[in-house]
1. Work out the length of the dipole vector of region 77-178 about its Cα centre, built from +1 on the beta-carbon of each Lys and Arg and -1 on the beta-carbon of each Asp and Glu, and round it to the nearest 20 debye.
2. If amide hydrogens are placed 1.01 Å from N in the peptide plane, which non-local residues have theirs closer than 5 Å to the one on Tyr157?
3. Starting from the amide H of Ser88, placed 1.01 Å from N in the peptide plane, find each other amide H under 5 Å away whose residue is 5 or more places distant or on another chain.
4. Can you tell me the length gained on complete extension of the stretch Gln178 to Met191, counting 0.36 nm per residue apart and subtracting the Cα distance?
5. Based on the Cβ-Cβ distance from Met77 to Ser54, what FRET efficiency comes out when R0 is 22 Å, to the nearest 0.05?
6. Would you grab the residues whose amide H sits under 5 Å from the one on Leu142? Only those 5+ places off in sequence or on another chain, please, with H modelled 1.01 Å from N.
7. Take region 87-149, drop everything but the C-alpha atoms, weight them equally and run the Debye formula without solvent; then report log10 I(q)/I(0) at 0.11, 0.15, 0.17 Å⁻¹ to two decimals.
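Where a number appears in this text, it was derived from the coordinates with a stated rule and is not lab data. All of these numbers come straight from a predicted model, not from anything done at the bench. In this analysis, Cβ positions are derived from the backbone assuming ideal geometry, glycine residues included, and neighbour counts consider all displayed protein chains.
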Amino acid sequence: MKLALALALAPVASAFFGGAKPAAGRAPVDTTADIGVDPGPIEPTGLFFEDKESLARRRAVEIKHGRIAMTAFIGMMVQELGITFPGSITLDGSVKFADIGTGFAAIENIPKFGLFQIVAFGFIAETAAMPASQYTGGPQNLPGGYDGSAGTIPGGYPFTTQIEDVTARNRALTCELQNGRAAMLGVTGAMIHSQLDSCDHHFFYPITHN
C-alpha cells in the first residue's frame, strides 16, 4: 500500500499559466486562469511566468506527458495482474505475449521488429497525428489539443463533442491535468520499485505481494 499512500499524499505540482498564439483564423483562447490553477503558496510571478511563448509549450508538454503516464500506469497495473493479449507477438508463434513478462527486463523479450514498430508509432504520433510543435488545437483550440490529420485523427482532438459549458469543461480539464501529474509520479515510483531486488522486480510489489 506504500505506492497508493504516496500517490494520495503527493502534493499537486505548481500549475503552468500562459497562452499560446492562436492558430490562423481562430479566436484566441485563454489559457491563463482556469485550467490547473492550484499554485498553493507559490506566487506565479517573475521571468519564468512572463515568458508566455515557452510557458505555453511547457503546459502542452505537461498535458501530453500526463496523458502518456496515465496510460502507462494502467498498463503497468494490468501487467501485474497477469492480464496479457492472447496469442503471440510474432507471426510464427515463437514469442507469446504471456512470455514477455513485466518490468525493464521485458524489453529484451520483445522482437527487434516489435521495438521498431513502437518507435515508428511514436514518431508518427509526434510528427503527424499529434505534432509536438502544436501547443493548442482541436475544434475548441484548447491547450494540449491537436488539429489532427487525415488518416490519424481527422476530426482533431479534443473532439467536437467535448463539453461546451466553460465551467464544466475547465473542471474536467483541470482533473485531467492533476491526474496526469499524479500518474507521472506514480509511474516513476513503479519503475523504481521494479529495479529494487527487495521488490522482486515488480512494479507494485507492496500492493500485489502483501
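1. Values: 4 positive and 9 negative charges, 6 e Å.
Taking the Cα centre of region 77-178 as origin, the dipole is about 20 debye.
2. Gly138, Tyr146, Asp147, Gly148
3. Long-range HN contacts for Ser88: Phe97.
4. On the way: separation 13, 0.36 × 13 = 4.68 nm, distance 2.02 nm.
Answer, rounded to one decimal: 2.7 nm.
5. On the way: r = 35 Å, r/R0 = 1.57.
After rounding, the FRET efficiency stands at 0.05.
6. For Leu142, whose amide H was placed from the backbone, the distant partners under 5 Å are Gly137.
7. Each listed q maps to, in turn, -0.43, -0.63, -0.69.
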